[in-house]
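Everything on this sheet refers to the single structure shown next.
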Amino acid sequence: MYKILKAERLAEKIYLMDVEAPRVAKSCQPGEFVIVKMDEKGERIPLTICDFDRKAGTVTIVFQIVGASTQRMAEWKEGDAFQDFVGPLGQPSEFVKEDIEEVKKRKYLFVAGGVGTAPVYPQVKWMREHGIEADVIVGAKTKELLILEEPMREVAGNLYITTDDGSYMNKGMVTEVIKDLVVNQGKKYDVCVAIGPMIMMKFVCLLTKELNLPTIVSMNPVMVDGTGMCGACRLSVGGQVKFACVDGPEFDGHQVNFDEAMKRQQIYKTEEGRAMLRMQEGDTHHGGCGNCQ
Ligand code: NAD
Ligand code: FES
């Protein structure tokens, strides 16, 4: 069992938990994720890793209430325990695997939208730990939905906060801040990392394509097994079939077919929709388990 050591409400419907999971904490890297299961009958819930403490053996997760399982999870307190806490899954962020001297030569711009701020945090923290000052934009619908402001301020070079309704700091969406920094202020970046709702990542990529700014996104389609077998998280990237859980979750944002990914996300919700996808996608529908008949 994986005990909850801290449970905290960050904002409306958004919660943070520190979970005792020493094996995951020992090996996880920024960019990876875990799949949790509350009990024997529980749904498998994929969650990006927000932080980890190798010494204490803990992993921090942040989640939003989106259905019955996450609603039940939000009611859990310190001392409750997950039956399964599987990970780390997926590939670490590219820069973790690169020569650090090459990474240091680049200027990074991180763009976090809403709950997507949680997976951005460990990446910016990693940068800070390696002596790299990255600029960070955090966007939230409104002041009350802004999360992790203080922790992010501690690790970011410059932090730009924006709210859609102007209730705190800048007014407008993250794309407006990118435009302001690059076009109006003439700031130069080599890489943009954008993580948030798919619609945000789509529009960030449309803009950064125009600005000639290479952009990495972290895709969060529906996931079931997290091992490349079920096909739930199938995406098209550069015209090729990819599975977010094993090939990603991070991809070259300029190559991702966001419209298809968003449409598939909707269709996948119903049994009829899944049957249609099986028919349309044929042999490439899943990674090979053959269990979806
Ligand atoms: P949200 O809808 O509140 O949006 C957050 C910010 O994204 C906005 O404040 C705005 O600045 C920007 N944004 C939204 N739409 C935009 C557009 N059309 N153009 C430009 N910028 C735009 O976000 P939320 O409610 O916190 O997000 C929830 C979604 O995020 C869920 O679908 C969840 O699955 C997803 N999510 C993704 C990841 C990931 O790894 N990609 C991680 C956690 C959550
Ligand atoms: Fe990725 Fe099943 S969740 S293939």
Q.
Please list 3J(HN,Hα) in residue order for region 111-119, calculated via the Karplus relation 6.51 cos²θ - 1.76 cosθ + 1.60 where θ = phi - 60°; whole Hz, with x for glycine and proline.
A. 10, 10, x, x, 5, x, 5, 4, x
Q. Ranked by Cβ crowding within 10 angstrom, fewest neighbours first, how are V34, V155 ordered?
A. V155, V34
(Q) List the residues, sorted by chain then number, that are 5 or more residues from F110 or on another chain and whose placed amide H is less than 5 Å from its amide H. (A) D135, V136, I137, V193
Q.
Given the DSSP H assignment, sum -39500 (n - 2.57) over each helix run of at least 4 residues in the chain and divide by its residue total; what's the result at 222 nm in deg cm²/dmol, nearest 500?
A. -8000 deg cm²/dmol
Q | region 108-249, relative contact order [Cα under 8 Å, separation at least 6], % | A | 20 percent
Q: Find the relative contact order for region 37-117 and round it to a whole percent, using C-alpha pairs within less than 8 Å whose residues are 6+ positions apart.
A: 28 percent
Q | Burial ordering of M73, M169, M201, fewest other beta-carbon atoms within 10 Å first | A | M169, M73, M201
Q: Would you mind estimating how fast region 36-144 diffuses translationally, via Stokes-Einstein at 4 °C and 1.567 mPa s with the Kirkwood radius over Cα pairs, in µm²/s?
A: 80 µm²/s
Q) Kirkwood Rh, the chain, all Cα pairs: how many Å? A) 19.6 Å
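With a cut-off of at most 12 other beta carbons within 10 Å, and DSSP calling the residue loop, which trypsin sites (Lys or Arg not before Pro) in region 65-137 qualify? Please list them. The partial results should precede the final answer.
On the way: sites: R72, K77, K97, K104, K105, R106, K107, K125, R128; in loops: K77, K105, R106, K107.
Hits after loop and neighbour filter: K77, K105.
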Q.
Going Cα to Cα from K77, which lysines come in below 17 Å? Please leave out same-chain ones fewer than 8 positions away.
A. K3, K6, K13, K37
Q) Measuring from centroid to centroid over Cα atoms, what is the spacing of region 1-59 and region 70-137 in Å? A) 12 Å
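Can you tell me the relative contact order of the chain? Whole percent, Cα pairs under 8 Å, sequence separation 6 or more.
Numbers: 602 pairs, mean separation 43.4, N = 293.
Dividing the mean separation by the residue count of the chain yields 15 percent.
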Q | Semi-axis lengths, Å, region 1-43, gyration tensor of Cα atoms, sqrt of 5 times eigenvalues | A | 18, 16, 12
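Since every read-out is calculated from the coordinates, none of them should be taken as a lab result. Here the structure is a predicted model, which means the values were calculated and not measured. Using ideal geometry, Cβ is built from the backbone for each residue, glycine included, and neighbour counts are taken over all protein chains shown.
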